[in-house]
Amino acid sequence: MTGSKRSRWLKLFTLLAVMMILAAACGEDATETEPTDDTGSSPSETEAPEFSTLEEGILQVGSCLDYRPFEFVKDGDEQGFDVELTEEIASRLGLEVEWVTANFDTIFTSVAAGQFDMVAAASTITDERLQAVDFSDGYFNARQGFTVNVDATPDITSTDQLGEGDVVAVQKGTTGKSWAEENLAPNGVEIKSFDAVPAAFTDLEAGNVVGVINDEGSSIAEASERPGLQVVQAIDTDELYGLAFSKDNPELTAAVNGALAEVIADGTYAAIFSKWFPDLPVPEEYAAS
């Protein structure tokens with residue numbers, strides 16, 4: 001074999017060797033590359049939604065903390081359905097909860113003004129409130145309840161029996177108050193408003209009012225601890241509770257919605273619901289998927 005032929009064969013052999021090395025390297029890369037999603041990012045690169053709170057790592061939550069069984073203080077600790085649900089959501093977002101006691105009548109203007117990050121106070125989502133704040137997805141189906149003092153007025157079992165001269169207690173700023181004003185006041189019923197709902201039930205115990213219009217779940221809890229009081233009527237008003245946020249922080253609303261969906265899907269919501277409402281079935285839309 002001449003020198004020129006040997007040179008050509010040597011170049012060809014070298015080229016084939018390089019191509020084999022490159023092919024092996026590409027095959028090795030292919031086995032190590034993680035699958036990507038539609039955005040081209042691998043699962044390990046996917047990040048949680050970005051959001052901010054007033055204080056880093058802390059979710060400041062405004063609430064009345066006097067509304068059993070949703071939020072109340074016992075032995076110095078915040079307890080209740082809303083409390084446990086909020087703390088579970090916060091935990092999944094890597095946040096600690098700091099509870100801020102607030103007046104329900106001004107709680108939405110307070111969160112809108114940035115006094116705290118979120119409201120968790122058995123708050124019904126309404127068009128009027130949506131003008132001032134953003135709400136999370138609904139997390140609780142709420143009805144109004146009509147409670148009476150069966151020792152004082154054993155014959156009253158419905159709001160249809162109320163009329164001129166009767167007085168009904170409500171809490172300021174609530175949908176119960178709005179319902180009473182729209183449906184009872186035109187019939188001559190006087191509406192008596194209180195800052196906190198326990199005071200309304202205390203007035204009912206004292207015989208100063210004929211009944212209390214208030215969310216059913218809270219009313220059942222109040223009546224269970226006050227002999228003589230009984231919830232005699234459930235009033236379906238197609239209400240949903242939501243967590244409220246400043247309109248200036250939509251990222252936090254979105255992050256909380258994501259965590260809430262997880263809590264419902266994995267059955268944690270159902271466990272919390274059954275703890276605080278043992279006599280009620282978990283609503284189908286909030287059962288684990």
Inset, instruction - With a point put 7 Å past each Cα toward its Cβ, work out how far residue 128 is from residue 161 in nm, to one decimal. - result: 2.9
Legend entry - Only Lys, Arg (+1) and Asp, Glu (-1) charged, at Cβ; the stretch 143-237 dipole about Cα centre in debye: 160
Legend entry - Estimated inter-spin distance, residue 50 and residue 74, nm [label 7 Å along Cα→Cβ]: 4.3
Legend entry - Antiparallel DSSP beta bridges within the stretch 108-220, as percent of all bridges there, nearest 5: 40
Inset, instruction - Restrict the search to the stretch 186-289; then list the trypsin sites (Lys or Arg not before Pro) that DSSP places in a loop and that have at most 14 other Cβ atoms within 10 Å of their Cβ. - result: 247
Legend entry - Gap separating the Cα centres of the stretch 138-157 and the stretch 250-289, nearest whole Å: 26
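Each reported figure results from applying straightforward, stated rules to the coordinates on display, with no laboratory input. Predicted model only: the values in this text are computed from it and were never measured. Methodologically, a virtual Cβ is constructed for each residue, glycine included, from the backbone with ideal geometry; neighbour enumeration extends over all protein chains shown.
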